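Asks: If you scroll down you'll find the structure; I have some questions about it.
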Amino acid sequence: MSNDLQSNQAVIPKEVQFSEMQLSAVAEIENISMGSAATAVSNLLNAKVWITTPHVSIVRFSELKYPDLEPSIYVMINYIKGVKGTNTMILKQSDVQLMLNQLMGLPLVVTDDFVFDELNISAVCEVMNQMMGSAATALSEFLGESIDISTPVAKIKDADNTETIENYKPDDYVVAIRFNLTIDGVINSEFVSIIQIELARTLASKMLQGLDDSPEEAAPVTVAPQPAVQTPPPMPQPILQPTPQPVPQQMQQQQPVYQQPVYQQPMYQQPMPQPVYQQQQPEPINVQSIKLHQFENFGTPVLPMEQQDNLKLLMTIPLNVSVEIGSAKKKVKEILEFTQGTVIELDRQAGAPVDVIVNGHLIARGDVVVIDDNFAVRVTEIVKSKFLDTLGDKE
């Protein structure tokens, strides 16, 4: 057992001590869960994320000291289905600020005037919700049972008020797992995951129970040597000669152990003939020509020469064509609060047709497409408009 897993084992009470197998099981479970969490955060931040190297220790909650993570932010989630208990993440505030800047497209710098207001706290909870949700899903698949978590709750903490965290008492012992956190081009730091003793013991027991229930390995099977065959038979068959294994008296009540036979490849002096497969001929398909309806050629209407000249003049007039994907109504106060990264919700669903507007008049609707790295609109509907009706009447 490594020094990290043995940390404080000699001084903590016997009732909260973990065996080597239990601590290793907790470390492996957290490693699997955080691997899935790293993928979720990577997709959310659009950057490569690594969460590696869990270091496990058992410590009294009041003695939790991580000066290199101060000032800190605590994010707590509760397991409400499958297993019961609390898991709290301790992250450095500057690291969280960089994560939010990456999420909102802001410069990746730590500023002193940054405030964890209601909006920023909500963003932190969303990042942690994606992260711990993926971790819970991975844990559920690993243990083979449904596991649900509560909505994350984030609080600003420092070294003087750690005792005020809910669900923890100063004298409680907890399992602390420290991880390396790396976000490509953003963060190279660490964070700590605190798990209640009973939750950690439950997770370890479930994992070790799954290992104990795994099927036993089959005993090796010996095969007697076979003589060489001079002439290959028409359809050669592999020769099997498994040696039966004695079954102890104690195992007669258990499930039988199935032995995998070992196939002996016969030796041939000539190549084995390959079977010839006959391909079935496809059934003929009855194809008939389609008769299309013939339309009359009405021709182009002939206009008087004067109207044709006026129409030519109109055709050279430039018009402003714009495409509107949606709109929103905001108060002046809300508009003045716009900053870089502000999200404005429009009154149109994703995938709905956009409006094609000419000189302020709606004339068509269509779908947005991309042509040679440029946006374009494919018209799918012409809207009845007085603007189109009166366009040709003006000289």
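None of the figures in this text is laboratory data; all of them are computed from the coordinates on show. The shown structure was predicted, so the numbers you read here are calculated from the model rather than taken from an experiment. Methodologically, a virtual Cβ is constructed for each residue, glycine included, from the backbone with ideal geometry; neighbour enumeration extends over all protein chains shown.
Asks: Would you mind checking region 340-384 for residues with the amide N under 13 Å from a putative spin-label position 7 Å along Cα→C-beta of residue 104?
Replies: 340-344
Asks: Shape verdict for region 72-211, please, from the Cα gyration tensor: rounded (a/c under 1.5), prolate (a/b greater than b/c) or oblate.
Replies: prolate
Asks: Too long at a 24 Å Cα-Cα cut-off: which of 157/331; 92/169; 84/155; 14/169; 155/331; 92/206?
Replies: On the way: 157/331 36 Å; 92/169 22 Å; 84/155 22 Å; 14/169 19 Å; 155/331 31 Å; 92/206 32 Å.
Listed pairs above 24 Å: 157/331; 155/331; 92/206.
Asks: Moving on. On full extension of the chain, what length is gained from residue 81 through residue 153, given 0.36 nm per residue of separation minus the C-alpha to C-alpha distance?
Replies: Numbers: separation 72, 0.36 × 72 = 25.92 nm, distance 1.77 nm.
Full extension from residue 81 to residue 153 adds 24.1 nm.
Asks: Okay, moving on. Could you give the distance between the Cα centres of region 98-148 and region 43-57, to the whole Å?
Replies: Using only Cα atoms to place each centre, the spacing works out to 12 Å.
Asks: Sorted from fewest to most neighbouring beta carbons within 10 Å, what does the list 39, 202 look like?
Replies: Values: 39 15, 202 18.
The most exposed by this proxy come first: 39, 202.
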